[in-house]
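Notes to accompany the following structure.
The values are calculated or read from the model by the stated rules, or taken from the named source; none is laboratory data. Here the structure is a predicted model, which is why all the values come from computation and not from measurement. Quick reminder, even Gly has a Cβ in these numbers, built from the backbone with ideal geometry, and neighbours come from all protein chains shown.
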Amino acid sequence: MADTAFAEIPVIGLGPLDGDGHPYDRLAEELCGICHRIGFFLVVDHGIDAGLTEAVFDMMHRFFALPDEDKARIDKRASRHFRGWEPVGTEFTNNRPDIREQIDIWSEWPALAPDVHPPYLRLLGPNQWLPDEVLANHRALSLRWFDALARLADRLLAALSVGLGLDGGHLRRFFGQQPMSLAKFIHYPPTPAGGAGVNAHHDAGFLTVLAPGPTPGLQVQNPDGDWIDVPVVPDSFVINLGEMLQGVTGNYLVATPHRVVTGAERYSTGYFHGPSLDTPLAPLPLDRRFAEAVAASPRHATAGFMALRSETESGVGDMQSTHRPATYGEQLWNYFTRSYPENTARHYGPR
């Protein structure tokens, strides 16, 4: 059995995060331990209004029931900032199409020139929104959801900071002044044989908050290579870590492979908490015990990142890249050029 293998995904109540003292510190330490061993957990007692979650899922059902010509008013292929709706099979993970359609919205900042350097600055820009006569409350509700999950992510980052032996504001200060986060609103049709709603991958950013909906299908891979089903727990959120947090902790915290394979139509919405594009992938000032724990665990010591497109074409494993981007922006640019080669070529020429 591989080191730190797991067979289930824990469910954690976040009530102690509303206080301080020993209950807060104990929960912070527990969360940090889970993120070291598993990289995935569910949270309840999280403070997100259930009515808001219901309204967002209702909006997704209404959007994805629209005719394609209405959805195409916000076609991602028309956005050089990679924002908007995309039909099934448009995004590629590890050079394989994902069987899902989705809307992507990002933090909005003023757009820069299309030839700005470094290239990742081209990701700054506006989202695309449907008018209220086509999808009532699309912009307002999406932004309200975005802000609510950002606040939950900040609470979790504060706890992880404490669990890592840092002050509670350390990771949030590390984020810089112009964070770039993402919200996805996703519709999965039933997964065809041999495919995946989204293929096995790591998330790119710091921390993911997912409202998984009532339909199962999300799976997490443990160190033995087994796929573990994430349980369906009412009014819960799934939390997992991205490669940026793995990188800055020297692989102490891990980005764990996951995928979606569903036998039924499925809706979910994820929020991906990210820092400023120029945030460096630099080590946090951690106590030596964290590096010693990594060195003692083959799983952690050898944990890789998602491979670049050029690496997968040369035979590097899907999540075994030793390349480490210098900044979060470079990390995102690698993601977009890997996942959206057609859109990249459309707006920025072939790579």
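General observations
- Selected residue (only one of Arg289, Arg309 is surrounded by fewer than 23 Cβ atoms within 10 Å (Cβ to Cβ) and closer than 22 Å to Tyr120 by Cβ): Arg309
- Members of region 203-221 that are surrounded by 22 or more Cβ atoms within 10 Å (Cβ to Cβ), touching a Pro at 6+ places or on another chain (Cβ under 9 Å) and part of a loop (DSSP other than H, G, I, E, B): Gly205, Phe206
- Flag if Val254 is at pLDDT 95 or above and among the aliphatic types (A, V, I, L, M): no
- Subset of region 117-150 [surrounded by fewer than 16 Cβ atoms within 10 Å (Cβ to Cβ) and polar (S, T, N, Q)]: Asn137
- His81 vs. criteria without any contact (Cβ under 8 Å) to a residue 60 or more places away in the chain and either buried (at least 18 other Cβ atoms within 10 Å of the Cβ) or within 13 Å of His138 (Cα to Cα) (or both): yes
- Elements of type helices (runs of 4 or more DSSP H) contained in region 246-335, each with 2 or more residues being closer than 30 Å to Gly195 by Cα: 298-301, 309-313
- Unmet criterion (only one of (1) touching a residue at least 12 places away in the same chain (Cβ under 8 Å); (2) within 26 Å of Ile34 (Cβ to Cβ); (3) in contact with a helix residue (DSSP H, G or I) (Cβ under 8 Å, 6 or more places away or on another chain)) for Ala291: (3)
- Pairing residues of region 108-130 that are of a type in the set (Phe, Trp, Tyr) with residues that are surrounded by fewer than 16 Cβ atoms within 10 Å (Cβ to Cβ), at Cβ distances under 7 Å and at least 6 apart in sequence or on separate chains, gives Trp109/Gln178; Trp129/Arg139.
- From Ala200, Ala196, Ala183, Ala153, residue being in a strand (DSSP E or B), buried (at least 21 other Cβ atoms within 10 Å of the Cβ), touching a strand residue (DSSP E or B) at 6+ places or on another chain (Cβ under 7 Å) and not hydroxyl-bearing (Ser, Thr, Tyr): Ala183
- Restricting Arg299, Arg288, Arg309, Arg266 to those that are of a type in the set (Lys, Arg), modelled with pLDDT of 95 or more and farther than 30 Å from Asp147 by Cα reduces the list to Arg288.
- Residue within region 134-150 that is among the polar types (S, T, N, Q) and outside any loop (DSSP other than H, G, I, E, B) present: yes
- Each residue in region 171-196 was checked for being more than 15 Å from the chain's Cα centre (by Cα) and within 22 Å of Leu332 (Cα to Cα), and 8 of them qualify.
- Residue in region 51-73 that is without any contact (Cβ under 8 Å) to a residue 12 or more places away in the chain and within 22 Å of Leu123 (Cβ to Cβ) present: no
- Selection status of Gly165, among the small types (Gly, Ala, Ser), surrounded by 15 or more Cβ atoms within 10 Å (Cβ to Cβ), over 21 Å from the mean Cα position of the chain (by Cα) and not in a helix (DSSP H, G or I): yes
- Of the listed requirements (1) of a type outside the set (A, V, I, L, M, F, W, C); (2) touching a Lys or Arg at 6+ places or on another chain (Cβ under 9 Å); (3) crowded, with 16+ Cβ neighbours inside 10 Å, Pro341 misses just one: (3).
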